[in-house]
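Engineer: Input: one structure, supplied below.
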Amino acid sequence: MLRIVLVDHVAERADFLRQALDRQGHQVVAVLSSSQEILDRVDILAPDVILTDMQSPDRDTIEDVRYLMQRRPCPVVMYAGKKDSESITRAIDAGVSAYVTDDISAEDVKSVLDLASARFRLFKAMSDELQAARQKLEERKQFDRAKSLLMKHHGLDESSVHRTLQQIAMNQRISLSEATNNVIAMLAALPDKEPRRGGSKS
């Protein structure tokens with residue numbers, strides 16, 4: 001059973017879809033007439049899937065979906081959409097999981113929901129993987145910076161840097177990444193050491 005929010009400014013069509021979803025065992029937690037309403041109530045409604053029509057006369061539904069996906073991502077099915085490639089591209093770019101150019105029939109509800117959920121899971125897995133790769137790259141950059149600072153200010157060799165950061169993390173009971181950032185914060189502001197000048201013998 002999915003918790004579904006239905007957004008449709010045409011009451012008759014919304015009622016038809018609500019009945020079709022009820023027959024399939026899903027819970028329609030709200031039937032709204034504008035995408036603005038879902039933005040205002042999404043955290044309270046906590047939907048598993050959102051079905052929204054594309055024809056709201058007073059809203060840019062695609063931009064509302066884009067904001068929604070940044071705030072509380074979930075599968076979004078957009079139906080009764082425009083058939084031009086620009087609208088379809090904008091919808092996909094905003095995060096819409098399934099885009100149906102016509103009204104959804106009762107027979108199509110299950111397959112459309114299954115498709116949207118599968119695409120959303122795939123998109124989320126790819127997004128999580130990309131975020132993890134970015135974080136790993138950033139942590140590597142920060143480690144290299146901390147290493148450079150420790151070598152410059154404390155004369156550590158490269159093999160000693162990692163052991164030093166691990167010891168700091170253990171002593172302070174923080175992660176290695178936090179220890180690295182702390183070292184950078186402490187050492188980055190220090191002035192460079194002046195090179196030693198050799199004295200002349202008389």
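Engineer: Consider the stretch 48-94. How many of its residues are crowded, with 21+ Cβ neighbours inside 10 Å and either of a type in the set (S, T, Y) or on the phi > 0 side of the Ramachandran plot (or both)?
Structural biologist: The qualifying residues number 3.
Engineer: Report those helices (runs of 4 or more DSSP H) wholly inside the stretch 72-177 carrying at least 1 residues which are of a type in the set (D, E, K, R) and not assigned by TED's automatic domain parsing to the domain that holds H26.
Structural biologist: 109-154, 158-172
Engineer: Pick from V28, V7, V42: which is buried (at least 17 other Cβ atoms within 10 Å of the Cβ), under 22 Å from T89 (Cβ atoms) and either out of contact with any Pro (no Cβ under 8 Å at 6 or more places or on another chain) or modelled with pLDDT under 95 (or both)?
Structural biologist: Every option except V7 fails the conditions.
Engineer: Let me ask something additional. Hand me the list of helices (runs of 4 or more DSSP H) wholly inside the stretch 1-71 holding 1 or more residues that are farther than 22 Å from S105 by Cβ and charged (D, E, K, R).
Structural biologist: 35-45, 61-71
Engineer: I'm checking my understanding of the structure. Among residues of the stretch 21-60 that are under 14 Å from S97 (Cα atoms) and of a type in the set (V, I, T), which one is farthest from the chain's Cα centre (by Cα)?
Structural biologist: That would be T52.
Engineer: Evaluate the stretch 105-117: report whether one residue or more is surrounded by 11 or more Cβ atoms within 10 Å (Cβ to Cβ), touching a Ser or Thr at 6+ places or on another chain (Cβ under 6 Å), farther than 30 Å from L187 by Cα and modelled with pLDDT of 90 or more.
Structural biologist: Yes, there is a match, as at least one residue in the stretch 105-117 is surrounded by 11 or more Cβ atoms within 10 Å (Cβ to Cβ), touching a Ser or Thr at 6+ places or on another chain (Cβ under 6 Å), farther than 30 Å from L187 by Cα and modelled with pLDDT of 90 or more.
The values are calculated or read from the model by the stated rules, or taken from the named source; none is laboratory data. From a predicted model like this one, the values you see are computed outputs, not experimental measurements. Glycine also receives a Cβ, built like all others from the backbone with ideal geometry; neighbour counts cover every protein chain displayed.
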